[in-house]
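Everything below concerns the one structure shown next.
The values are calculated or read from the model by the stated rules, or taken from the named source; none is laboratory data. These numbers come from a predicted model, not from an experiment. Glycine gets a Cβ as well: all are built from the backbone with ideal geometry, and neighbour counts include every protein chain shown. Areas reflect the complete protein model, heavy atoms only, side chains present, ligands, DNA and RNA absent. Shrake-Rupley method; radii C 1.70, N 1.55, O 1.52, S 1.80 Å.
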Amino acid sequence: MFKKILIANRGEIACRVIKTANKMGIKTVAVYSEADKDALHVMMADEKVCIGPAPSKESYLVMDKIIAACKETGAEAIHPGYGFLSENAEFSRRVEEEGIRFIGPKHYSIARMGDKIESKRLAQEAGVNIIPGHDESIPDPDEAVKIARKIGYPVMIKASAGGGGKGLRVAWNDEEAHEGFSSCVNEARNSFGDDRVFIEKFVEKPRHIEIQVLGDSHGNYVYLNERECSIQRRHQKVIEEAPSPFIDPDTRKAMGEQAVALARAVRYESAGTVEFVVGADKSFYFLEMNTRLQVEHPVTELITGLDLVEQMILVAAGETLSFAQNDVKIDGWAIECRINAEDPFRGFLPSTGRIARLIVPEETVHVRVDTGVYDGGEISMYYDSMIAKLVVHGATREEALVRMSDALNSFVIRGISSNIPFQAALIKHPRFRSGDFDTGFIAQEYPGGFDSSMVPHDEPALLIAVAAFVHRCYRDRAAKISGQLPGHERKVGKDWVVIRNKEWHHVIANPVPGGYEIDYKGSRYRILSDWRLGQSLFNGICNGKPFTVQVERHRLVYQIHHWGTRADLMVMSARAAELLAMMPEKAPPDLSRFLLSPMPGLLREIAVETGREVKVGEKLAVIEAMKMENILKAEQDCKVKKIHAKVGDSLAVDEVIIEFE
């Protein structure tokens with residue numbers, strides 16, 4: 001067994017590999033860019049080596065630097081994680097040529113399966129179902145439009161070396177095919193250094209289901225059941241679960257056997273994933289094979305009891321798989337939510353900066369948090385948006401869903417925005433809970449974007465009662481201030497008005513041992529809690545039922561988060577509420593004459609010049625953030641008066657890019 005390994009990655013996956021290496025008694029080496037010098041994976045590793053500036057193409061994607069770090073530290077093997085060089089055949093080959101073990105498949109397997117065009121041919125030869133399409137590289141957007149017309153819309157335009165939603169577009173007409181081809185080429189070139197693009201038929205109402213496979217160097221192969229990955233936004237997975245609520249045992253067996261046949265055909269050694277698109281009639285077609293560990297691997301680990309990183313290390317060390325197909329089990333249900341640094345209330349735009357507060361759910365045998373950040377750490381604009389993976393396990397899907405709701409309620413992130421409110425709303429969504437969904441679920445259910453006010457709360461009275469509880473706590477503390485004149489001590493009233501969305505809710509808050517009793521609309525809510533002022537997490541018991549909400553005080557407003565709902569409430573006397581209602585409302589400034597940066601990012605392109613007439617829908621600028629290209633378009637006909645930013649600028653949220661007349 002190896003004595004020391006190097007992790008050629010960063011963030012959550014680097015920390016994940018380090019944990020398993022520690023369990024196996026293996027020393028670890030972390031590589032890091034200048035932007036990651038204070039990152040968690042650097043702190044966790046036994047040794048660390050700086051490999052260059054922040055941009056990944058100058059650090060994490062430079063093979064020579066990583067191999068040099070491996071030799072410098074005496075590491076015997078390299079684990080590539082996922083992303084970056086994990087599916088780069090040349091990197092795998094060079095590592096092996098240098099006498100270092102690659103903890104992943106051999107270079108010839110990566111080359112054959114990592115290339116989406118070649119892999120499709122091989123899958124067909126191995127007897128795997130394939131989807132109709134054009135598997136030759138496409139030279140230009142005009143040719144892409146011709147091919148798309150021949151296949152028939154809708155089509156999916158994909159980068160041959162793509163992955164993780166990068167270099168992928170769905171086109172429903174000629175214009176989208178033309179623009180989508182250009183965007184895919186640019187994203188693929190920037191992210192993977194390979195700008196080849198191909199087109200295939202887009203299956204409507206599809207489910208995205210993948211099969212986890214394992215192979216060793218002795219010709220043994222197994223499949224570890226399926227993962228349901230259909231809940232996606234812009235082709236990036238949001239929630240994954242294992243097993244799938246849609247797949248029956250016969251389909252599982254057929255898909256698993258085809259996945260193993262493909263792995264055997266390319267002499268695959270390590271953990272890998274064969275992805276399928278599955279129709280409503282359970283017909284399935286090969287999409288691609290990911291020749292690496294998947295982000296969502298924990299759900300497979302929780303239902304099988306296997307450590308996939310450990311299996312990868314054992315296989316790389318030449319050991320034989322210690323179990324056969326008949327030994328693979330399905331124990332209960334596992335669900336994973338990807339917690340990303342993005343603002344769901346602003347179109348899921350990236351959110352970067354320092355994490356002012358981070359409280360993760362308590363880890364138990366049924367709750368797991370894989371993360372690469374910490375309280376006070378920073379989310380960089382140079383890398384992907386993942387903060388953590390929240391994974392839960394239950395005996396049944398319903399039990400897992402309940403555990404996930406509870407865990408999301410207790411996951412606190414401040415300083416940057418996160419998609420936790422959106423994840424909580426998804427978990428509570430009736431259609432998701434029923435299991436009746438496909439890859440279009442999010443677009444169908446939230447066509448106008450996500451707003452927490454759209455999410456009905458099962459117990460709005462609980463939010464009112466908690467606000468009254470918190471306000472009474474603050475008032476009781478204020479009444480204890482020292483130095484008050486005898487006979488003139490501050491007295492705390494018990495009658496209050498809770499204001500939410502300009503609606504008045506009259507409450508009475510009386511102290512009881514261990515908490516307060518709130519009278520509201522003829523009902524009593526006896527809340528017991530040891531919550532202290534300033535704490536973000538409010539754990540309590542309401543009328544005998546435990547609950548968790550998040551509470552933040554912003555001047556006069558109490559912001560309460562629960563089940564995907566964010567409630568802004570003010571608590572005051574009836575007279576104060578009457579006076580507040582008389583205050584004039586300040587009109588927001590007119591910003592329609594400006595193009596503002598909707599996110600922090602790098603300004604890649606300005607598509608207009610001063611004095612130009614611009615039509616609605618026309619491209620104005622391109623911003624790159626967290627490895628994704630975002631095109632900003634005109635919302636109305638206008639004329640460019642002044643350009644305030646230049647290409648290459650690092651923009652902050654709401655920074656002015658263009659001013660119009």
Exercise for the section: For S230, state whether it is open to solvent by less than 10 Å² (accessible area, probe 1.4 Å), within 17 Å of P298 (Cα to Cα), part of a loop (DSSP other than H, G, I, E, B) and out of contact with any helix residue (DSSP H, G or I) (no Cβ under 6 Å at 6 or more places or on another chain). Expected result: no
Exercise for the section: Scan the range 314-372 for residues that are out of contact with any Asp or Glu (no Cβ under 7 Å at 6 or more places or on another chain), of a type in the set (A, V, I, L, M) and farther than 14 Å from I413 by Cβ and jot them down. Expected result: L314, A316, A317, A324, V328, I330, V365, V367
Fill in the blank from the handout: Of the residues in the range 239-253 that are touching a strand residue (DSSP E or B) at 6+ places or on another chain (Cβ under 8 Å) and not charged (D, E, K, R), the one that is surrounded by the most Cβ atoms within 10 Å (Cβ to Cβ) is A242
Practice task
Run P139 past the list (1) in contact (Cβ under 8 Å) with a residue 12 or more places away in the chain; (2) out of contact with any helix residue (DSSP H, G or I) (no Cβ under 7 Å at 6 or more places or on another chain) and report the number of the one that doesn't hold.
Solution key: (1)
Fill in the blank from the handout: Counting only strands (runs of 3 or more DSSP E) entirely within the range 67-181, those with at least 2 residues that are under 18 Å from L287 (Cα atoms) are 155-163, 166-171
Handout entry: Filter result (out of contact with any strand residue (DSSP E or B) (no Cβ under 7 Å at 6 or more places or on another chain) and part of a strand (DSSP E or B)) within the range 553-567
Key = R553, H554, T565
Exercise for the section: Scan the range 553-562 residue by residue and report those that are open to solvent by less than 50 Å² (accessible area, probe 1.4 Å) and touching a residue at least 60 places away in the same chain (Cβ under 8 Å). Expected result: Y558, I560, H561, H562
Fill in the blank from the handout: Per the list (1) among the hydrophobic types (A, V, I, L, M, F, W, C); (2) assigned to a strand (DSSP E or B); (3) at pLDDT below 90, residue check on F538 breaks on (3)
Practice task
State whether the residues of the range 600-613 include one that is within 32 Å of the chain's Cα centre (by Cα), of a type in the set (A, V, I, L, M) and open to solvent by less than 20 Å² (accessible area, probe 1.4 Å).
Solution key: yes
Exercise for the section: Please enumerate the residues belonging to the range 478-510 that are open to solvent by 80 Å² or more (accessible area, probe 1.4 Å) and closer than 27 Å to G544 by Cβ. Expected result: K494, D495, H506
Handout entry: Options V128, V95: the member that is touching a Phe, Trp or Tyr at 6+ places or on another chain (Cβ under 8 Å), over 19 Å from E275 (Cα atoms) and of a type in the set (V, I, T)
Key = V95
Handout entry: Members of the range 409-430 that are open to solvent by 50 Å² or more (accessible area, probe 1.4 Å) and under 19 Å from D451 (Cβ atoms)
Key = K428, P430
Practice task
Answer yes or no: is there a residue in the range 211-218 that is of a type in the set (S, T, Y), modelled with pLDDT of 95 or more and surrounded by 21 or more Cβ atoms within 10 Å (Cβ to Cβ).
Solution key: no
Fill in the blank from the handout: Of the residues in the range 182-195, those that are among the acidic types (D, E) and part of a helix (DSSP H, G or I) come to E187
Fill in the blank from the handout: Checked the range 380-408 for anything at pLDDT below 95 and open to solvent by less than 10 Å² (accessible area, probe 1.4 Å); matches are Y383
Completion exercise
Exactly one of T565, T548 is touching a His at 6+ places or on another chain (Cβ under 7 Å) and under 30 Å from R524 (Cβ atoms), and that one is T565
Problem - Those residues of the range 341-368 which are in contact (Cβ under 8 Å) with a residue 60 or more places away in the chain and either touching a Leu at 6+ places or on another chain (Cβ under 7 Å) or under 28 Å from I5 (Cα atoms) (or both), in sequence order - result: E342, D343, I359, R368
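Conditions tested, residue by residue: (1) out of contact with any strand residue (DSSP E or B) (no Cβ under 7 Å at 6 or more places or on another chain); (2) farther than 26 Å from A407 by Cα; (3) free of Cβ contacts under 8 Å to residues at least 40 places away in the same chain.
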| residue | (1), (2), (3) |
| --- | --- |
| H457 | no, no, no |
| F469 | no, no, no |
| C473 | yes, no, no |
| D476 | yes, yes, yes |
| P486 | yes, yes, yes |
| G515 | no, no, no |
| I527 | no, no, no |
| V551 | no, no, no |
Handout entry: Condition check for F246: farther than 26 Å from I110 by Cβ and among the aromatic types (F, W, Y)
Key = yes
Fill in the blank from the handout: In the range 386-412, anything more than 14 Å from E336 (Cβ to Cβ), touching a strand residue (DSSP E or B) at 6+ places or on another chain (Cβ under 6 Å) and either free of Cβ contacts under 8 Å to residues at least 60 places away in the same chain or hydrophobic (A, V, I, L, M, F, W, C) (or both) is listed as V412
Exercise for the section: Have a look at E275, E257 and point out the one that is closer than 26 Å to I330 by Cα, open to solvent by 30 Å² or more (accessible area, probe 1.4 Å) and of a type in the set (D, E). Expected result: E257
Problem - Single residue of the range 563-591 satisfying the filter (within 16 Å of I420 (Cα to Cα) and not aromatic (F, W, Y)) that is surrounded by the fewest Cβ atoms within 10 Å (Cβ to Cβ) - result: R566
Handout entry: Residue under evaluation F246, criteria (1) in contact with a Leu (Cβ under 7 Å, 6 or more places away or on another chain); (2) modelled with pLDDT of 95 or more; (3) of a type outside the set (S, T, Y), criterion not met
Key = (1)
Handout entry: Where R593 falls short, out of the listed (1) under 32 Å from the mean Cα position of the chain (by Cα); (2) basic (K, R); (3) over 26 Å from W496 (Cα atoms)
Key = (1)
Exercise for the section: Quick one: count up the residues across the range 94-118 that are of a type outside the set (G, A, S), in contact (Cβ under 8 Å) with a residue 24 or more places away in the chain and closer than 13 Å to R267 by Cβ. Expected result: 6
Practice task
Give the residues of the range 458-477 that are more than 17 Å from L556 (Cβ to Cβ), at pLDDT below 95 and over 32 Å from the mean Cα position of the chain (by Cα), sorted by residue number.
Solution key: D476
Practice task
Identify the residue in the range 517-544 that is closer than 20 Å to A577 by Cβ and under 40 Å from the mean Cα position of the chain (by Cα) and, among all such residues, is surrounded by the most Cβ atoms within 10 Å (Cβ to Cβ).
Solution key: I518
Handout entry: Hey, R101 closer than 17 Å to I7 by Cβ and open to solvent by 30 Å² or more (accessible area, probe 1.4 Å) or not
Key = yes
